[in-house]
Amino acid sequence: MPKVLISRHLGADAMALIAENTFQIVIWPEDRTADRAWLLENASGCQGILVTLNDKVDEELLSKAGPSLKAVSTMSVGYEHVRIQELASRSIKLGYTPDVLTDAVADVAIMLALMAARNAAYGLSIVQSGGWPNVGWAPFGFCGPQLGPGPTTKSFTAGFLGFGRISQATLRRLIPFGVTHAVYTDSGRGRRTEDEDTAFVEQYAAFGQLKQLKWVSLDELAAESDVVFLLAPGGESTRHIISTPFLQKMKKTAILVNPGRGTLVDSDALADALDKGWLYAAGLDVIEGEPNVTTEHPLVKSPRATVLPHIGSATTETRAAMADLAARNLVAGVLGEPLPVEYMMH
């Protein structure tokens, strides 16, 4: 009977899918991140392991599992917690859950842009602390830049670090706001052709004012964008790609939005840039080092930063779809069948 190790209960439907098979199922019994010691203790002899982004899949865990391990399935689109080369060297398949969370993350990207631009976090703090009666109304109270062209401006440029599915879904949502130009760089699939970008514009021109979509350099992305969305992969190659040199080139009225990977941003540099007014505000769903982010974190303390606790995929429908896909990847891997969504190792 194949043994599978599961680090978190995935909900009734996904668990039933796994239970349909004649597996020996070992599951972490508590509603919190599995203890590392428990994972190591129970990994021996597993043919499949299912984890979440909080569980480190490294040489130690793989060695504990031993040569029987066929597949690792992670309920996440990111895989920074998985040592890809260790899996590749052992011919262990990796399943993950991209695509199903595209719309949910794009929604949060727009929400963060609006919250940051319109000082929502500060406004909420005033109301929740009982300070609203002492603030009152002022001609420019709580004001911030408009998302899209305002009454006195004719153009608005949205920028994207990475232009994959989530960035494209975000731009589609932005078009009705009146975005006229969009720029991107460092797409995970490489530079798109001008014909592809022109086709995108023509496809959605009827829904708004989008006139141009083009590839630019990183420096041009910083200088030209009124809002920058960070939706590139994580990892060492992109770690702290958003740091002081980039932030210094941004418009003083610009918004930085990170619904992607916390490691893309140097947190100290961003907090310093916000304090100095190099950009207007930031909306962040992810921060490097999360969830170990306290009230003393420089971005939590910054009045110009809106920080959410990594809720980009947190709709009931999306998480259920992620759990279902993670379960199907696990089952297929153990049974020696093609994984529904496999990370292709190079």
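Before moving on, here are some points about what is shown:
- Distance violations [Cα-Cα > 29 Å] among 56/251; 211/276; 211/249: 56/251; 211/276
- Average projected area [Cα convex hull, the stretch 102-307], square nanometres: 12.0
- Cα shape, the stretch 1-73, gyration tensor, a/c 1.5 rule: oblate
- Counting other Cβ atoms within 10 Å as a rough exposure proxy, the listed residues 195, 35, 272 run 195, 35, 272 from fewest neighbours to most.
- Anisotropy class of the stretch 257-314 from Cα gyration tensor, a/c 1.5 cut: prolate
- For the stretch 195-284, trypsin sites (Lys or Arg not before Pro) meeting the loop criterion (DSSP other than H, G, I, E, B) and having at most 10 other Cβ atoms within 10 Å: 252.
- DSSP loop chymotrypsin sites (Phe, Trp or Tyr not before Pro) with at most 15 other Cβ within 10 Å excluded, longest remaining stretch of the chain: 143-346
- For residue 159, net neighbour charge (Lys/Arg +1, Asp/Glu -1) across residues whose Cβ lies under 12 Å away: -2
- More than 29 angstrom apart: percent of Cα pairs within the chain: 46
- Given 13 as the ceiling on other Cβ atoms within 10 Å, longest exposed-site-free region of the chain for GluC sites (Glu not before Pro) in DSSP loops: 31-235
None of the figures in this text is laboratory data; all of them are computed from the coordinates on show. Remember, predicted model here, so these are calculated numbers, not experimental data. Using ideal geometry, Cβ is built from the backbone for each residue, glycine included, and neighbour counts are taken over all protein chains shown.
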